[in-house]
Amino acid sequence: MCGIVGYTGPREAYPVILKGLKRLEYRGYDSAGVALLNNGLKVYKKKGKVADLEESLIGQDVHANIGIGHTRWATHGEPNDRNAHPHLSASGRLAMIHNGIIENYALIKKELLSKGYTFKSDTDTEVLLNFIDEIQHHNECSLEEAVRVALKRVVGAYCILLIDKEDPHTIIAARKGSPLVIGIGKGEHFLASDATPIIEYTKEVVYVNDYELAIVRPDELILKNLGNEKITPYVTKLDMDLAAIEKGGYEHFMLKEIFEQPKTIYDCLRGRLDVANGTITMAGVENYMEQLKNAPRIIIIACGTSWHAGLVAEYVIEDLCRIPVEVEYASEFRYRNPVVNKGDVIIAISQSGETADTLVAIEKAKEQGAIIFGVVNAVGSSIARASHAGAYTHSGPEIGVASTKAFTGQLAVLNMIALKIAKAKGTISDERYKNLLGELEAVPEKVETILENAAAVKAIAEKYKDSSDALFLGRGYNFPVALEGALKLKEISYIHAEGYPAAEMKHGPIALVTEILPVVFVATKDSYHEKVVSNMQEIKARKGRVISIITEGDTISPTLSDDIFAVPPADEVIAPMLSVIPLQLLSYYVGTAKGYNVDMPRNLAKSVTVE
Ligand code: F6R
């Protein structure tokens, strides 16, 4: 949430920052702003998208070789020009951008008000900035020292970038809880919330850790801890290319990412799955196999779509490995007093690897001695680094705010983990193991077939786009898919949607069924199929409008459905990787038919780095 960019070096800073902000806009689009340093400190900021800022700056003097920029997802203070970042200190000397939340800002603000400070915005950021300003003034110390002192008092999460009118080459940056990557160029440095604004300039980056402070000049990067001790920057090479973060001819990132799935799933399986030899190679799992195999319990922690992937994994792991699994919302787990016993393994699932709730839940479980296994997409992200072991999903950068390809990547990884454990534990027959390996290998091709029929989903979307509500129902492995279908529809098309286990309808929600309510059944052939068909009948008897995702060759469901979409046959363990695709497409086509910007749904942002 919130994207930050900084540049210092010989180039024009503004175009670098502007382009970077466009790449980071998925992290928030309530307002955007830049601060540029050239014969004085100029701050330009505006409510709305980065494009609005860009338009407002046409004809302005934006020449500078150092600057910082921000795209905001509002926390404190409504989205308007006043609350947009960067903020200027009361002295007019410092400009700062911030991603995160300062929890004790009210207390600090009270102190500053008593000292005569006034505030132009409602933000916690301006409070922190003036706090730094006050410390520098009072202690007569360097900015670096003032930042260090201030951050020791701060409770909350932050990634901050500051520039000082009196020091025209230096950016001071610090992080705790919110991500920061520094790109190292020749005589120049780039700073950003993730690597996407950096990759076209350099592939050499340093991921800054919590409680680290960076002093960044064109030809110098100094990293320190908050105790003022120097730390040697650990330089890593980015494994990402520019094409991966561009739309590549698609109208939206979301559509591109849905259509990328045959490749992203293939990339996830590649080098791991060997059907001919009946093996799965995953070093992270192998190194921790004893702990995984003997775990008395596996606890999965995640949020949103990743949580849904965790729910599917619960069914798979319990079924194949016979290990009890609990799936927890990270945001609940972190504030409960959860029982984590010796030997319990935590699987943390996250696309971005930066979700604050998941990160804190990991730390909490670690304190109780749990082993953390991360299933993460973003390489080098905070969750990947906080885990003892893990497996990347290799889905590539996911830029559309709605998570799509990450979900199928997570399922691919989780299925492979379950299969490896089951094989090592001996809880799966050789025949089923081999069969499931083959089924996994076939997924990319089957997804391709589904995508070839995307027009059929588009037609369904046109028909139902004006509905005000929708229900998504499934049983067993397809129940989490129903939840995911409902989440996708509500976030992209703003239609109220709920996912339910199909059998639960009779315990209350069936009262909602009317002649106009679309009820989407995720009804691929599995061990519960006959039961789902009965549930379909119950809806039809009440004149509900049934849309069914079925398996090719199913002749019964179509007789009970107003609309159907068929996916290729698959084992029930694998089926969610297929049945979710038409639901992703459905939400995309409904959202676009209604004229919404599906890559930037209202009120949302990707990478939720605040709690
Ligand atoms: C939904 C969506 C969110 C994320 C959730 C977790 O489309 O994108 O629900 O799944 O915020 O994010 P990660 O997986 O990055 O931890």
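The values are calculated or read from the model by the stated rules, or taken from the named source; none is laboratory data. Predicted, not measured: the structure shown is a model, and the values here were computed from it. Positions of Cβ are backbone-derived with ideal geometry, glycine not excepted, and every protein chain shown enters the neighbour counts. Note: areas computed on protein heavy atoms with side chains; ligands, DNA, RNA excluded. Shrake-Rupley method; radii C 1.70, N 1.55, O 1.52, S 1.80 Å.
Within region 399-414, restricting attention to residues that are near the ligand (Cβ under 8 Å from one of its atoms) and open to solvent by 10 Å² or more (accessible area, probe 1.4 Å), the residue that is nearest to Asn597 (Cα to Cα) is Val401. None of Pro338, Pro397 is modelled with pLDDT under 95 and touching a strand residue (DSSP E or B) at 6+ places or on another chain (Cβ under 9 Å) except Pro338. Residue-level analysis places Ile108 among those that are part of a helix (DSSP H, G or I), in the same structural domain as Gly69 (by TED's automatic domain parsing) and at pLDDT 95 or above.
So that you can scan it fast, the table gives a plain yes or no per residue for (1) surrounded by fewer than 22 Cβ atoms within 10 Å (Cβ to Cβ); (2) touching a Phe, Trp or Tyr at 6+ places or on another chain (Cβ under 7 Å); (3) in a strand (DSSP E or B); (4) without any contact (Cβ under 8 Å) to a residue 40 or more places away in the chain:
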position	(1), (2), (3), (4)
Ala456	yes, yes, no, no
Leu487	no, no, no, no
Val533	yes, no, no, yes
Ser548	no, yes, yes, yes
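Looking across region 320-339, the residues that are more than 16 Å from the ligand (Cβ to nearest atom) and either open to solvent by 70 Å² or more (accessible area, probe 1.4 Å) or among the basic types (Lys, Arg) (or both) come down to Arg322, Glu326, Tyr335, Arg336, Asn337, Val339. Listed by first and then second residue, the pairs with beta-carbon distance under 8 Å, at least 6 apart or on different chains, first residue in region 289-306 and under 18 Å from Gly390 (Cβ atoms), second among the acidic types (Asp, Glu) and more than 16 Å from the ligand (Cβ to nearest atom), are Ala295/Asp344; Ile298/Glu326; Ile298/Asp344; Ile299/Glu326; Ile299/Asp344; Ile300/Glu314; Ile300/Glu326.
Can you say whether Pro518 is more than 16 Å from the ligand (Cβ to nearest atom), over 30 Å from Glu431 (Cα atoms), open to solvent by less than 10 Å² (accessible area, probe 1.4 Å) and not hydroxyl-bearing (Ser, Thr, Tyr), as far as the supplied structure shows? Spelling it out, Pro518 is indeed more than 16 Å from the ligand (Cβ to nearest atom), over 30 Å from Glu431 (Cα atoms), open to solvent by less than 10 Å² (accessible area, probe 1.4 Å) and not hydroxyl-bearing (Ser, Thr, Tyr). Looking across region 377-396, the residues that are within 12 Å of the ligand (Cβ to nearest atom) and touching a helix residue (DSSP H, G or I) at 6+ places or on another chain (Cβ under 9 Å) come down to Asn377, Ala378, Ser382, Ile383, Thr393, Ser395. Residue-level analysis places Val345 outside the set of residues that are within 11 Å of the ligand (Cβ to nearest atom) and open to solvent by less than 30 Å² (accessible area, probe 1.4 Å). Could you please find all residues in region 226-243 being touching an Asp or Glu at 6+ places or on another chain (Cβ under 9 Å) and modelled with pLDDT under 90? Within region 226-243, Leu238, Leu242 meet the criteria. Within region 258-290, the residues that satisfy the criterion of being under 30 Å from Ala455 (Cα atoms), assigned to a helix (DSSP H, G or I) and not hydroxyl-bearing (Ser, Thr, Tyr) are Ile258, Phe259, Gln261, Pro262, Lys263, Ile265, Asp267, Cys268, Leu269.
To keep it simple, each residue is scored yes or no on (1) closer than 14 Å to Pro86 by Cβ; (2) in contact (Cβ under 8 Å) with a residue 12 or more places away in the chain; (3) open to solvent by less than 60 Å² (accessible area, probe 1.4 Å); (4) of a type in the set (S, T, N, Q).
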| position | (1), (2), (3), (4) |
| --- | --- |
| Ile102 | no, yes, yes, no |
| Thr123 | yes, yes, yes, yes |
| Ile132 | yes, yes, yes, no |
| Leu143 | no, yes, yes, no |
| Lys152 | no, yes, no, no |
| Cys159 | yes, yes, yes, no |
| Ala174 | no, yes, yes, no |
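The strands (runs of 3 or more DSSP E) found wholly in region 118-237 and carrying at least 3 residues that are of a type in the set (D, E, K, R) and within 19 Å of Ile97 (Cβ to Cβ) occupy 167-176. When the criteria are applied in full, Val447 meets the requirement of being of a type outside the set (S, T, N, Q), in contact (Cβ under 8 Å) with a residue 60 or more places away in the chain and assigned by TED's automatic domain parsing to the domain that holds Asp274. Checking each residue in region 170-225 for being at pLDDT below 95 and out of contact with any strand residue (DSSP E or B) (no Cβ under 7 Å at 6 or more places or on another chain) picks out Thr196, Ile199, Glu200, Asn209. Inside region 489-510, can you point out the residues that are part of a loop (DSSP other than H, G, I, E, B) and hydrophobic (A, V, I, L, M, F, W, C)? The one that is part of a loop (DSSP other than H, G, I, E, B) and hydrophobic (A, V, I, L, M, F, W, C): Ile495. Annotation: of all residues in region 530-584 being among the polar types (S, T, N, Q) and in contact with a strand residue (DSSP E or B) (Cβ under 8 Å, 6 or more places away or on another chain), the one that is farthest from Glu448 (Cα to Cα) is Asn535. Tell me, yes or no, whether region 295-312 has at least one residue that is surrounded by fewer than 18 Cβ atoms within 10 Å (Cβ to Cβ) and away from the ligand (no atom under 13 Å from the Cβ). Yes, region 295-312 contains at least one residue that is surrounded by fewer than 18 Cβ atoms within 10 Å (Cβ to Cβ) and away from the ligand (no atom under 13 Å from the Cβ).
Every listed requirement among (1) free of Cβ contacts under 8 Å to residues at least 60 places away in the same chain; (2) under 19 Å from Thr8 (Cβ atoms); (3) surrounded by fewer than 23 Cβ atoms within 10 Å (Cβ to Cβ) is met by Phe119 save one, (2). Restricted to region 275-285, and to residues there that are farther than 16 Å from Gln410 by Cα and in contact (Cβ under 8 Å) with a residue 12 or more places away in the chain, the residue that is surrounded by the fewest Cβ atoms within 10 Å (Cβ to Cβ) is Gly278.
Of all residues in region 55-91, those being under 20 Å from Gly28 (Cα atoms) and open to solvent by 40 Å² or more (accessible area, probe 1.4 Å) number 8. For region 587-607, a tally of residues being more than 14 Å from the ligand (Cβ to nearest atom) and either surrounded by 20 or more Cβ atoms within 10 Å (Cβ to Cβ) or not in a loop (DSSP other than H, G, I, E, B) (or both) returns 4.
Scanning region 357-376 for residues that are within 13 Å of the ligand (Cβ to nearest atom) and open to solvent by less than 10 Å² (accessible area, probe 1.4 Å) turns up Thr358, Ala361, Ile362, Gly374, Val375, Val376. When the strands (runs of 3 or more DSSP E) confined to region 318-385 are screened for residues that are over 22 Å from Leu411 (Cα atoms) and outside the structural domain of Arg297 (by TED's automatic domain parsing), none reaches at least 3 such residues.
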